[in-house]
Structures are given as structure tokens and as C-alpha cells.
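Readers should treat all values here as calculations from the given coordinates under stated rules, not as data from a laboratory. The structure presented is a predicted model; accordingly, all values stated were derived computationally and were not measured. Cβ placement follows ideal geometry from the backbone for every residue including glycine, while neighbour counts extend to all protein chains displayed.
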Number of protein chains: 2
Amino acid sequence: MRLAELSERSGVAAATIKYYLREGLLPPGDRVTATQADYGTAHLQRLKLVRALIQVGRVPVAAAKDVLAALEDDSLDHHARLGVAVEALPNAPEPDPDDPYAQAARASVDAVIDGLGWQYGGSDPRGSSGAYLTLLAAVTALARLGYPCGAEELAPYARAAAQTAVTDLDLVERYESPAEQVEAAVALTVLYEPVLLSLRRLAQAQESARRFVRP
Amino acid sequence: MRLAELSERSGVAAATIKYYLREGLLPPGDRVTATQADYGTAHLQRLKLVRALIQVGRVPVAAAKDVLAALEDDSLDHHARLGVAVEALPNAPEPDPDDPYAQAARASVDAVIDGLGWQYGGSDPRGSSGAYLTLLAAVTALARLGYPCGAEELAPYARAAAQTAVTDLDLVERYESPAEQVEAAVALTVLYEPVLLSLRRLAQAQESARRFVRP
DNA sequence: GATGGTTAGATAGTGACACTCTCCAAGGAA
DNA sequence: TTCCTTGGAGAGTGTCACTATCTAACCATC
């Protein structure tokens, strides 16, 4: 199909598709002539994923490009490809090692991780994980505001996260081919985030009503 | 204290504080003379909250202003104030009623909500909740990508969210005064979001290693 | 009582980001 | 032949969260 048809079928403006092509988020179409190219259903599928990552998952364009590149890196095994794709998502920077709040946050976080028996291998230390750094930054900010976020407070959330991860991987394992699994893992990781947060807010409203509203 | 001291104690650039004052995120200081104002510890606390909302919670400045305004609206009761504050956070718009994906998403979401027995009162219908709309948008995007997100898939996530909400409200109820509780609710809702998402990604990495990596 | 350094407040500018517009030459259709 | 469309490239747009500059007033010091 032509770019115009790709635009119509995906609902994405033609100029935006050109921009994604330029940025390398979409592979170029098959060049038919010097001024025309042909796009297939794989392009349509990829375009939908890109849109969902950017608009629903709020992933920056540059990060989305890295994520998609990891999806197609055949030199990695399954687990590693998942890791690389998720690692390409935006994360917090390394904290200031002299900040006492950051030190306390690290202690709490490590206690929770160890308490749940989570293990890190030699090639995959916890410090190299972007999620770990993002977690440190958030806990540091909470501590600085004076909110409780020691290991006792974090543990229930970590247990809920562990449950969620089991559900996530069950969904991923429904797919048969490794390629589908990796794409599903990225899509489900990123696109379920607003789902989880919205469900939490709805649940909070229920719980708040249950506790604070006299019927 | 002077603006310069407020800046030093909070770690926020003086120009940024001026910007927040201009935007109404911080109340003005007590004017001492025509060119000097005095700020107290309440300003410092508020400034830290603003920073955390914007930088950790990624709340837009305009939304943060609305959230803070709701914190101080004495005309509302406790539960309503929580609702208004959380509702001021950014949410997805109303979906296109003709979109079949959106219709299917609404059916799934409603089934999950009803399945958990969540109730909505007359003054608080589910359709008026921003979290509900954001949830619909995310589920619609997943469905459009071809990922499973029926009631069966969403239910485990909703149960995890319900658990999380109980933990959240337990933390909120540690505070004694209503004012502290409302501020804590906002801070914990927004600032625990990156905590939850980071913990989920760490848990996913563990679960992925457990399933896919042969020791 | 001149002087140098701050201060609050206003205005304009910056850089990042995600598009979006405009133009161009080459194809294809009427 | 004429007109419209296409893919591609560069420049422009709007938004957002700051940030730099300026100005008049103020305070402390000499």
C-alpha cells in the first residue's frame, strides 16, 4: 500500500508517518520508483505499536526507537532481548552518592529486594537496572518529603508487583514464537502501565469511599 | 526567610521559584517591603511537594496547580477533596462512541469493575472519573493492537490494584489531621506510581529469568 | 549620603520535544 | 500536455518547563 493508505488505515497523519520513517521508527517501504514506495501489513502493525508506545505509554520517540531496535536484535537470546528493550525506556539517573536520603532509600530498596529473595546475576547486577535507579529516585523523593518509605512500607507494594509480573509473563507465554513474545512483552509492559495506574486510582476511590463516607 | 534561602534549602533554583510563584503553585510570601518578601517552613514544604509532583510524578505544572488548589478547598469534605485532587491529574479524553474497540474496552472494564463489586454513587458515576477514561483509552489501544484485554485478563490486575489501594489508605490513615491526610493521599498516589512501576519491572525481570534462563 | 550588593517582580528568551508545513522533482492519470 | 499525487528533506510550529535579563526598590557599609 502507499503511504496515504497506510495513513488512512492507521489513523496517523501522513506527515507524522514520514517523520517516523525519518527517525527510524518505521523501516522504509519497498521502493517501487524513485518517488513511490510500498508498505505492507507489517508496517501497519509496527506503526500501531509505535503510536501506542508514544501516545499511551508516553515513551519518547528516541527511546521508542531503541526499544524497537532491541526487538529485532537477533544476536540476543530471549531473556536478554526483553531486558534490553525494557532498559531502553526512560529511567532516572544515578543518584548523588553523598545524599543521605538517597543512601537511606538504597538501604530500604535493597532490604525489600533481598526480603523477597530476588537474585541478580553477575551480568545483571541491580545497579545496572534502570528500573532500580528509577525506584531509588522515587523513594528518595518520598523520603525527602517526609513520607514513610522504609522496607516495611515498600514490601506490600513489592508483593503486589511480583503478582503482577506473574500475570504479565503468563500473558507473554500465550504467544508461541519468540518474536511475538518479545513484542508482546514490550507492549504489555508499557501499555499496561496506564491500566495499572488507572485501576489503582479507581480502587483508591472505592477504598476511600468505604472508609470515609458514612452511607 | 528570603527567596534566596528558600532556594538554597530546597535545592530549587531561585528563578524556578519565581516561576512557581507566578504560576500560583506557591502562595506569595509575606511582603516586608515593596521589594522583599518573607517565606516560612510551609512554603518550603509546599515547594518540595511541588517539585516532587512535577519531577517525580511528571505532573504538568498546570495540573499541579489544580491539585494544590483542591488540597486547600475547605468547602469539600475529606473524601470529596481527595477525589477532586486526584481528578485534577491529567487523564485521557472521552473516547469516540462509534469506535468498536472503545465499545469493547468499555464492556471489559465495566465487567471487571462490577465483578469486583465496586460501586458508584449518584454524584460519582464511573463515567465522570478521569481514571476510568484513562483506563478505557489504554484498554482500547491494547485491543487495537490485537493484545488480549478482556475482563479475564484485566481481573488479576484489578485485584492487585485493590490490594495496593488498601495499603495506600492504610498509609494515609497514619496521619491524624485531615489536612495532612489529604496531602499524604495526593503525594502517595502520585509519588508511589513510579515506585509501583519500577517494582513491576524489577519483578518482571526476576520472573523472566526464572522462566527463560536455564541455570 | 554615596555606593555596592540584594531582592521581588516582569518580560523575553531557551532548549527539548513531537510533530507539521512547505517545497521539490518524479510519476501516474485524464 | 496538463494536473494531481507521491516520497523525501528541511524548516517551521506549538507547547512546556524553565531561565536569563532587566528594573526599581531596598539594605548595609563606608
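When you restrict to C-alpha pairs under 8 Å that are six or more residues apart and normalise by the size of the range A:7-85, the relative contact order lands at 21 percent. A convex hull fitted around the alpha carbon atoms of the range A:13-53 yields 67 Å³ per residue. Annotation for B:Ala42, label-to-label distances across the other copies: 6.3 nm (shortest first, one decimal, point 7 Å from Cα along Cα→Cβ).
3J(HN,Hα) along the range B:43-60, derived from phi through the Karplus expression 6.51 cos²θ - 1.76 cosθ + 1.60 where θ = phi - 60°, amounts to 5, 5, 4, 4, 4, 4, 5, 4, 4, 5, 4, 6, 8, 7, x, 6, 7, x Hz, with x in place of Gly and Pro. Of the peptides B:128-141, A:94-107, the ranking by mean beta-carbon count within 10 Å, highest at the top, reads B:128-141, A:94-107. Pull out a ≥ b ≥ c, the square roots of the eigenvalues of the alpha-carbon gyration tensor of the range A:156-215, then state rounded if a/c is under 1.5, prolate if not and a/b is larger than b/c, and oblate in the remaining case. Prolate. For the range A:189-198, 3J(HN,Hα) computed residue by residue from phi via the Karplus equation (6.51, -1.76, 1.60; θ = phi - 60°) reads 4, 7, 7, 7, 4, x, 4, 4, 5, 5 Hz, glycine and proline entered as x. Chain B comes nearest to the axis taking it onto chain A at the Cβ of one residue; that residue and its distance, in whole Å, are B:Ala160, 2. Modelled label positions at B:Ala69 and A:Ala179, each set 7 Å beyond Cα in the direction of Cβ, lie 5.2 nm from each other. Charged side chains reduced to their Cβ positions (Lys and Arg at +1, Asp and Glu at -1) give the range B:120-175 a dipole of some 180 debye around its Cα centre.
Each 20 Å bin, from zero up to the one with the longest distance, holds this percent of the alpha carbon pairs of the protein assembly as shown: 24, 55, 20, 1.
For peptide B:71-83, how many partner chain Cβ atoms fall within 10 Å of a residue's Cβ, on average? Numbers along the way, then the final one.
Details: counts 0, 0, 0, 0, 0, 0, 2, 4, 8, 3, 0, 5, 5.
Taking all residues of B:71-83 together, the mean is 2.
Assuming 1.567 mPa s and 4 °C, estimate D for chain A with Stokes-Einstein, Rh taken as the Kirkwood radius over Cα pairs, in µm²/s.
On the way: Rh = 20.0 Å.
After rounding, the answer is 65 µm²/s.
In chain A, the DSSP-assigned H stretches of four residues or longer account for a calculated mean residue ellipticity at 222 nm of -21500 deg cm²/dmol, using -39500 (n - 2.57) per stretch and the full residue count as denominator. Amide H to amide H distances under 5 Å link A:Ala37 with A:Leu3, A:Val32, where only residues 5 or more positions off or on other chains count and H is placed in the peptide plane.
Listed by chain and number, the lysines whose C-alpha is less than 25 Å from the C-alpha of B:Lys65, apart from same-chain residues fewer than 8 away, are B:Lys18, B:Lys48. Rounded to the nearest 20, the Cβ-based charge dipole of the range B:47-132 about its Cα centre (Lys and Arg +1, Asp and Glu -1) stands at 520 debye. In this structure, the amide hydrogen of B:Ala92, modeled 1.01 Å from its nitrogen in the peptide plane, lies closer than 5 angstrom to those of B:Thr134, counting only residues at least 5 positions away or on a different chain.
If you put +1 on each Lys and Arg Cβ and -1 on each Asp and Glu Cβ, how big is the dipole of the range A:167-207 around its Cα centre, in Debye rounded to 20?
Working: 3 positive and 8 negative charges, 57 e Å.
Once rounded to the nearest 20, the dipole reads 280 debye.
Mean projected area of the convex hull spanned by the Cα atoms of the range A:38-154, taken over all viewing directions: 9.7 nm². Over the range A:1-150, what is the relative contact order in whole percent, taking alpha-carbon pairs under 8 Å and six or more residues apart? About 17 percent, as a whole number. Inter-copy label distances at B:Ala62, using a point 7 Å along Cα-to-Cβ, come to 2.6 nm with the shortest given first. In terms of the Cα gyration tensor, with a ≥ b ≥ c the square roots of its eigenvalues, is the range B:87-215 rounded because a/c is under 1.5, prolate because a/b exceeds b/c, or oblate? Note, shape of the range B:87-215 comes out oblate.
For B:Arg211, the label point sits 7 Å beyond Cα toward Cβ; its separations from the matching points on the remaining copies run 3.3 nm, from shortest to longest.
Looking only at other chains, what is the average number of their beta-carbon atoms within 10 angstrom of each beta-carbon in B:150-158?
Details: counts 0, 0, 0, 7, 4, 1, 7, 11, 6.
Mean number of neighbouring Cβ atoms from other chains: 4.
Put in line by how crowded their Cβ is, counting other Cβ atoms within 10 Å and starting with the fewest, B:Ser208, B:Ser108 read B:Ser208, B:Ser108.
If you take the Cα centroid of the range A:12-27 and the Cα centroid of the range B:129-152, the two points sit 25 Å apart.
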